[in-house]
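Structure, as structure tokens:
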Amino acid sequence: QVQFVESGGGLVQPGGSLRLSCTVSGYIFSMYAMGWYRQAPGRQRVLVATITREGLTTYGDSVKGRFTISRDIAKNTMYLRMNTLKPEDTAVYYCNKVPPGVDWGQGTQVTVSS
């Protein structure tokens with residue numbers, strides 16, 4: 001069974017930084033494209049960053065230049081470094097394959113507020 005465990009969220013002031021982690025079990029995640037998704041209150045879940053099997057990265061326009069996706073294959077773990085956070089980054093952040101499977105983790109809450 002595939003399992004995603006996200007962590008690292010919290011409350012941060014605008015302009016601050018956070019690093020999220022996603023540990024994957026149940027399959028070798030480097031065999032798939034992986035991504036970070038987020039869901040703000042009352043809105044649909046959207047993909048914000050992707051890392052391919054080859055390690056190439058892409059970002060949504062709203063986070064480009066501020067967020068960095070990376071991975072540690074040996075640890076089956078993926079990261080999202082978020083800098084210069086804005087209130088509109090407030091959301092629950094999830095990791096999954098790209099495109100996503102049916103199983104999701106519990107996510108980690110990121111709140112950007114002064």
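Values as computed for the structure displayed
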item: Nitroxide proxy distance, nm - points 7 Å out along Cα→Cβ at residue 88 and residue 57; result: 2.1 nm
item: Relative contact order computed over the stretch 1-66 (Cα-Cα under 8 Å; 6+ residues apart), in percent; result: 22 percent
item: Ordering of 19-25, 40-46 by burial proxy (mean other Cβ atoms within 10 Å per residue, highest first); result: 19-25, 40-46
item: Rel. contact order, % - alpha carbon contacts under 8 angstrom, at least six apart, the chain; result: 37 percent
item: At most 13 other Cβ within 10 Å, DSSP loop - trypsin sites (Lys or Arg not before Pro), the stretch 62-114; result: 64
item: Dipole magnitude of the stretch 2-114, debye to nearest 20 (Cβ charges: Lys/Arg +1, Asp/Glu -1, about Cα centre); result: 100 debye
item: Whether the stretch 28-114 is rounded, prolate or oblate, judged on the alpha carbon gyration tensor where a/c under 1.5 counts as rounded; result: prolate
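Taken together, the values in this text are just the output of simple stated rules run on the coordinates, not laboratory data. Fair warning: this is a prediction, and the values are worked out from it, not measured in the lab. Note that each Cβ is placed from the backbone with ideal geometry, even for glycine, and that neighbours are counted across all protein chains shown.
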